[in-house]
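Colleague: Structure in structure tokens, see below.
The values are calculated or read from the model by the stated rules, or taken from the named source; none is laboratory data. The shown structure was predicted, so the numbers you read here are calculated from the model rather than taken from an experiment. Reconstructed Cβ throughout: ideal geometry from the backbone, glycine too, with neighbour counts over all protein chains shown. Note: areas computed on protein heavy atoms with side chains; ligands, DNA, RNA excluded. Shrake-Rupley method; radii C 1.70, N 1.55, O 1.52, S 1.80 Å.
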Amino acid sequence: MKTHYHYLHPNHLAVLRVSAGEISIALRAGFDPDKIYFHGNNKLPSEIEYALKHGVTHFVVDNFYELELCDQIAGELDTVVKATVRVVPGIKAY
């Protein structure tokens, strides 16, 4: 896994990470937090907080609850989330 990061980092590419653990690995490999996008559904509040405290502000959000949760935690930490809202046409939530 670390080889993956060492290839991407020098080539100025961004990565999508889906957990605090994956974010931690990318940061330890020297990745710029601004090049890490926190993706994935059902993000835990603790994972959102971890990401924001470590400078990861790009989030791909799947629903209004997650958007509000990111906004709330970012407000508590006096930072801003750069959110991309994932929209899947034709999919109904029940």
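Colleague: Starting from the 7 Å offset along Cα-to-Cβ, what nm value, one decimal, do you get for the label separation of TYR65 and SER46?
Modeller: Each label point is offset 7 Å from its Cα along the Cβ direction, giving 1.8 nm.
Colleague: Using only the heavy atoms of the protein chains and a 1.4 Å probe, how would ASP34, ASP71, ASP78, ASP62 rank by accessible area, largest first?
Modeller: Numbers: ASP34 70, ASP71 110, ASP78 140, ASP62 40 Å².
These residues rank, largest area first, as ASP78, ASP71, ASP34, ASP62.
Colleague: While we're looking at this one, here's another question. Please work out how much length the chain gains when fully extended from LEU16 to LYS82, using 0.36 nm per residue of separation minus the C-alpha to C-alpha distance, in nm with one decimal.
Modeller: On the way: separation 66, 0.36 × 66 = 23.76 nm, distance 1.40 nm.
That pair, LEU16 and LYS82, stretches by 22.4 nm at full extension.
Colleague: Counting Lys and Arg as +1 and Asp and Glu as -1, each charge on the Cβ, what is the dipole of region 26-94 about the Cα centre in debye, to the nearest 20? Don't skip to the answer; put the middle values down first.
Modeller: Details: 7 positive and 10 negative charges, 64 e Å.
About 300 debye.
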